[in-house]
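Colleague: Here it is, the structure, as structure tokens.
Readers should treat all values here as calculations from the given coordinates under stated rules, not as data from a laboratory. None of these values were measured; they are calculated from a predicted model. Glycine gets a Cβ as well: all are built from the backbone with ideal geometry, and neighbour counts include every protein chain shown.
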Amino acid sequence: DTEVTQTPKHLVMGMTNKKSLKCEQHMGHRAMYWYKQKAKKPPELMFVYSYEKLSINESVPSRFSPECPNSSLLNLHLHALQPEDSALYLCASSQGPSNQPQHFGDGTRLSIL
Amino acid sequence: GESVGLHLPTLSVQEGDNSIINCAYSNSASDYFIWYKQESGKGPQFIIDIRSNMDKRQGQRVTVLLNKTVKHLSLQIAATQPGDSAVYFCAEKHDFGNEKLTFGTGTRLTIIP
């Protein structure tokens, strides 16, 4: 079992809906990440939070809005998504801005109708 | 430009044999490398990492080799088991303090019983 928990595991939403993906870790990690993974492709970095502050935004469209309420939680707010946004969204955490491995959750499988 | 690539997209190995998965990278400034295993329906699972000041690192049944001269990374899995069947990704990071991880394209390893 992964130590990074993501909810929900599956989400189907229409293009006009607003939904949120949630991620939680209790390893005391100070860096948290959102990745997008399309089928048969590697994960692609979207956002990085370091010490609860957004440190990297990989030019992600504004219909994706990250939030880090505290050091254990990471949210990704979704609004007006497009069908091409259907993918597996992965959350990860690491001890901090150093050469330490990122640990991933099992993701949220998102389908946009 | 920066890229992380794999030599083979698929690899089939007889159960009990050793397997070697290769990865090439182009950024000579890369200083940290990680191997992940991703099973169907799950997030990437950390296997082993290596820093650029090392040539070799061993874990349980796995060995990572780093050749900085030719910018090549490999993952050796000893005595493969059916549970080793998965997609394996190499990933690299450069600049201490930069949390961005760049993934390779992945190799699907299939263990033949």
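Colleague: Along the stretch A:68-84, what does the Karplus equation 6.51 cos²θ - 1.76 cosθ + 1.60 (θ = phi - 60°) give for ³J(HN,Hα), rounded to whole Hz, x for Gly and Pro?
Modeller: 10, x, 7, 5, 9, 10, 9, 10, 10, 8, 10, 8, 6, 6, 10, x, 6
Colleague: Measuring from label point to label point, each 7 Å out along Cα→Cβ, what is the B:M54 to A:H77 span in nm?
Modeller: About 4.2 nm, to one decimal.
Colleague: Let me know the Rg and Dmax you get for chain A when you use only its Cα atoms, in Å.
Modeller: 13.2, 40
Colleague: Okay, next question. Can you tell me which aspartates and glutamates have their Cα less than 20 Å from the Cα of B:K68? Leave out same-chain residues fewer than eight positions away.
Modeller: List returned: B:E2, B:D31, B:D49, B:D55, B:E92, B:D95.
Colleague: At a Förster radius of 25 Å, what calculated FRET efficiency corresponds to the Cβ-Cβ distance of B:T10 and B:N98, to the nearest 0.05?
Modeller: 0.20
Colleague: Which of A:H10, A:H103, B:H72 has the fewest other C-beta atoms within 10 Å, and how do the rest follow up to the most?
Modeller: Placing the least packed residue first, the sequence is A:H10, B:H72, A:H103.
Colleague: Which value does Rg/Rh take for the protein assembly as shown over its C-alpha atoms, Rh per Kirkwood?
Modeller: Across the protein assembly as shown, the Cα-based Rg/Rh ratio is 0.97.
Colleague: Taking chain A as a Gaussian network, Cα atoms linked when under 10 Å apart, which of A:A87, A:A39, A:A31 shows the biggest mean-square fluctuation?
Modeller: Maximum among the listed residues: A:A39.
Colleague: Another question, if that's okay. Can you flag which of A:K18/B:K100; A:K18/B:K93; A:K18/A:K53 are past 30 Å Cα-Cα?
Modeller: A:K18/B:K93
Colleague: I've got another one for you. Identify, among A:L81, A:S71, A:S98, the residue whose Cα sits farthest towards the positive end of the charge dipole of chain A, taking +1 on the Cβ of Lys and Arg and -1 on the Cβ of Asp and Glu, with the dipole about the Cα centre.
Modeller: A:L81
Colleague: Let me ask another. Whose amide H sits under 5 Å from the amide H of B:E15, counting only residues 5 or more places off or on another chain, with H placed in the peptide plane?
Modeller: Residues meeting the amide H criterion: B:I112.
Colleague: Mind checking the dipole of chain A: about its Cα centre, +1 per Lys or Arg Cβ, -1 per Asp or Glu Cβ, Debye to the nearest 20?
Modeller: It works out to roughly 280 debye.
Colleague: How far is it, in nm, from the label point at A:E52 to the one at A:N70 when both lie 7 Å from their Cα along the line to the Cβ?
Modeller: Computed distance between label sites A:E52 and A:N70 equals 0.9 nm.
Colleague: About its Cα centre, how strong a charge dipole does the protein assembly as shown have in debye, to the nearest 20, once Lys and Arg get +1 and Asp and Glu get -1 at the Cβ?
Modeller: In total the dipole reaches around 260 debye.
Colleague: Once the piece of chain linking B:T105 and B:Q81 is laid out straight, how much longer is it, given 0.36 nm per residue of separation minus the C-alpha distance between them?
Modeller: Stretched fully, the B:T105-B:Q81 segment lengthens by 6.3 nm.
Colleague: Okay, moving on. What distance in nm separates the two pseudo spin-label positions at A:A39 and B:N27, each 7 Å out from Cα along the beta-carbon direction?
Modeller: In this crude spin-label approximation the distance works out to 3.0 nm.
Colleague: Counting other C-beta atoms within 10 Å, which of B:V70, A:V48, B:V62, A:V12 has the fewest, and how do the rest follow? Numbers along the way, then the final one.
Modeller: Numbers: B:V70 6, A:V48 25, B:V62 17, A:V12 13.
By the 10 Å Cβ count, ascending, the order reads B:V70, A:V12, B:V62, A:V48.
Colleague: May I pose another question? Using alpha carbon coordinates only, what is the Rg to Rh ratio of chain B, with Rh defined as the Kirkwood radius?
Modeller: When Rh is taken as the Kirkwood radius, the ratio is 0.96.
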